[in-house]
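Q: First, the structure itself, so that you have it in front of you.
The values are calculated or read from the model by the stated rules, or taken from the named source; none is laboratory data. Note that the coordinates shown come from a computational prediction; the quantities given were computed from them, not determined experimentally. When we count neighbours, we look across all protein chains shown, and the Cβ atoms used for this are built from the backbone with ideal geometry, even at glycine.
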Amino acid sequence: MADLKTPANLKYTESDEWLLVEGNTVTIGLTDYAQDALNDIVYVELPEDGEDFDAEDAFGSVESVKAASDLITPIAGTVAAINSELEDEPELINADPYGKGWLVKLTVEDADVSGLMDATAYIAYCEERKA
């Protein structure tokens, strides 16, 4: 577990998404733990710009050689941007999950992520699942 990256400036969900809050914009991606568990990601389905989502909605999916998984937003918002590079290069999630592998940016009215885990809690959560 120690070799997996978990940046301290992000928030984390139990469904293995990370969130970066910058004012009323929230960037969402898959954690290093998730991309490692999925293995080689071969396809990503993302929403359209302008789509609205409630908290806990599936906003897309990711497929790997091992499994398919829904992408869940922990926060309500409107899609402001999608990472269109992932259409041709889904492996960016494996190579750079916290950088070039981001998934969507949402515009939110309330960026309250207080119910989400910080990096320390997420690392402990991941270690529990591996035990």
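Q: Pull up segment 67-96, narrow it to residues that are within 24 Å of MET117 (Cβ to Cβ) and of a type in the set (D, E, K, R), then point me to the one that is surrounded by the fewest Cβ atoms within 10 Å (Cβ to Cβ).
A: Step by step, filter segment 67-96, then rank; the result is ASP70.
Q: Also, quick follow-up: Would you be able to tell me the number of residues in segment 89-107 that are over 12 Å from GLN35 (Cα atoms) and among the hydroxyl-bearing types (Ser, Thr, Tyr)?
A: Residues meeting the conditions: 1.
Q: Still on this model: Anything in segment 1-52 that is over 23 Å from SER84 (Cβ atoms), buried (at least 19 other Cβ atoms within 10 Å of the Cβ) and out of contact with any Leu (no Cβ under 7 Å at 6 or more places or on another chain)? List them, or say none.
A: Passing the criteria: only THR6.
Q: Quickly run through segment 77-112 and pick out the residues that are under 16 Å from GLY23 (Cβ atoms) and small (Gly, Ala, Ser).
A: Of everything in segment 77-112, those that are under 16 Å from GLY23 (Cβ atoms) and small (Gly, Ala, Ser) turn out to be GLY77, ALA80, ALA81, ALA111.
Q: Would you please name the residue that is farthest from SER61 (Cα to Cα), looking only at residues in segment 9-38 that are over 15 Å from the mean Cα position of the chain (by Cα) and assigned to a loop (DSSP other than H, G, I, E, B)?
A: Filtering segment 9-38 for residues that are over 15 Å from the mean Cα position of the chain (by Cα) and assigned to a loop (DSSP other than H, G, I, E, B), the one farthest from SER61 (Cα to Cα) comes out as GLY23.
Q: Sticking with this structure for a sec: For GLY115, only one of the following conditions fails: (1) in a strand (DSSP E or B); (2) under 18 Å from LEU20 (Cα atoms). What is its number?
A: That leaves (1) as the condition not met.
Q: Turning to a different aspect of this structure: Before we move on, is LYS100 within 25 Å of ALA131 (Cα to Cα), in contact (Cβ under 8 Å) with a residue 12 or more places away in the chain and basic (Lys, Arg)?
A: no
Q: Assess whether ALA95 counts as being modelled with pLDDT of 95 or more, small (Gly, Ala, Ser) and on the phi < 0 side of the Ramachandran plot.
A: Judged against the criteria, ALA95 is a match.
Q: Among the residues in segment 98-108, are any surrounded by fewer than 14 Cβ atoms within 10 Å (Cβ to Cβ), polar (S, T, N, Q) and not in a helix (DSSP H, G or I)?
A: no
Q: Taking GLY50, is it within 11 Å of the chain's Cα centre (by Cα) and of a type in the set (Gly, Ala, Ser)?
A: Spelling it out, it is not the case that GLY50 is within 11 Å of the chain's Cα centre (by Cα) and of a type in the set (Gly, Ala, Ser).
Q: Here's something else I'd like to know. Might you check whether a residue that is out of contact with any Pro (no Cβ under 8 Å at 6 or more places or on another chain), within 16 Å of LYS5 (Cα to Cα) and at pLDDT 95 or above occurs anywhere in segment 17-27?
A: Looking for residues that are out of contact with any Pro (no Cβ under 8 Å at 6 or more places or on another chain), within 16 Å of LYS5 (Cα to Cα) and at pLDDT 95 or above, one finds at least one in segment 17-27, hence yes.
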